[in-house]
Amino acid sequence: MMTALDPRQMAADLGVRLEAEYPLARLTTLRVGGPAEWVFFPATPEQAAALHGVLREQGSDPRVIGGGSNIVAPDAGVRGAVICTAAMNLPPEAVGGERFRCAAGQAIPGLARWACRHGRRGVEFAEGIPAQLGGALRMNAGANESCFAEITETVLLAASDGRIEERRVAAGDFAYRESFIGREGRFVVGAILRLPEDEPEEIRRRMLSFRRRRQATQPLTERSAGCVFANYPDQSVGALVDELGLKGLRVGGAEVSSVHGNFIINRGEARAADVLAVIDRLREELIRATGRAPRMEVEIWRERR
């Protein structure tokens with residue numbers, strides 16, 4: 001357990017910010033979750049990889065959180081170590097031609113705006129996704145008929161010895177809303193993206209179009225964790241929830257959005273238990289209607305004792 005590892009000394013040795021009993025609600029867009037025993041905030045990919053290596057060497061299996069935009073954290077919090085990549089929001093670095101090295105903590109909206117200013121296309125589809133690059137790669141986030149697999153050349157991973165491992169993307173590494181990162185339990189510290197040149201005005205026009213579409217169809221101003229379930233191959237979960245009359249379903253402070261049926265919003269006082277109760281009810285109704293269990297898109301953290 002982390003309590004036996006002297007985490008303060010570890011953080012001091014690596015130059016990493018450390019917080020004890022840090023509320024997970026502050027790190028998630030849904031704004032639920034109790035305290036994490038220890039939260040490390042590395043500032044660079046190299047620092048994150050070194051930290052991860054030390055933790056694993058000493059028997060810890062750290063959880064990782066970025067923007068917290070698809071996580072439901074438990075009310076009781078979690079024991080052990082959490083690595084938060086929020087401080088790794090570094091500007092992209094040109095590495096040749098149309099290739100750019102980006103840190104896992106790069107905020108996606110900021111990356112899209114940066115690419116637009118510099119006349120680089122490819123990220124505008126994701127302009128409104130409230131995530132960081134690491135999480136977006138892990139779940140192969142997408143919108144507007146595009147996804148991150150299409151622009152990713154190489155994924156930078158924390159190796160077991162604390163170094164950075166470069167993995168060139170191959171067939172089968174990514175699929176709809178999932179990737180080898182989640183399947184293999186890897187920790188992403190960055191990526192090399194392919195961002196070809198384009199006219200900034202044209203990129204800006206597409207971004208504005210995508211933004212208006214999202215504003216009209218998603219509860220962007222509400223506290224949520226994005227889509228709860230991955231769509232069925234032949235059916236939109238949000239549309240099906242609407243057909244089943246489940247919009248507005250509420251438990252405690254958690255409610256199915258009236259704008260998009262695949263979003264659960266925090267009305268201000270929600271607990272994780274409320275959110276999970278709504279998820280369970282939606283799952284039951286979807287199975288009853290289709291005969292198929294929906295696949296989770298949000299990640300549910302369980303309490304670790």
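The values are calculated or read from the model by the stated rules, or taken from the named source; none is laboratory data. What you see is a predicted model; the values in this text were computed from it and never measured. Here Cβ is always computed from backbone atoms with ideal geometry, including for glycine, and neighbour counts include all displayed protein chains.
List of remarks:
- Residue within the range 291-305 that is without any contact (Cβ under 8 Å) to a residue 60 or more places away in the chain, outside any strand (DSSP E or B) and surrounded by 15 or more Cβ atoms within 10 Å (Cβ to Cβ) present: no
- Restricting the range 161-175 to residues that are of a type outside the set (A, V, I, L, M), surrounded by 12 or more Cβ atoms within 10 Å (Cβ to Cβ) and without any contact (Cβ under 8 Å) to a residue 60 or more places away in the chain, the residue that is nearest to residue 56 (Cα to Cα): 165
- Within the range 142-176, being on the phi < 0 side of the Ramachandran plot and of a type in the set (Asp, Glu) holds for 150, 153, 161, 165, 166, 173.
- Within the range 227-261, the set of residues being crowded, with 16+ Cβ neighbours inside 10 Å, outside any loop (DSSP other than H, G, I, E, B) and within 23 Å of the chain's Cα centre (by Cα) comprises 227, 229, 237, 238, 254, 255, 256.
- Of the residues 249, 244, 193, 240, the single one that is among the aliphatic types (A, V, I, L, M), at pLDDT 95 or above, farther than 22 Å from residue 107 by Cα and in contact with a strand residue (DSSP E or B) (Cβ under 7 Å, 6 or more places away or on another chain) is 249.
- On inspection, residue 214 qualifies as surrounded by fewer than 20 Cβ atoms within 10 Å (Cβ to Cβ), modelled with pLDDT under 95 and among the charged types (D, E, K, R).
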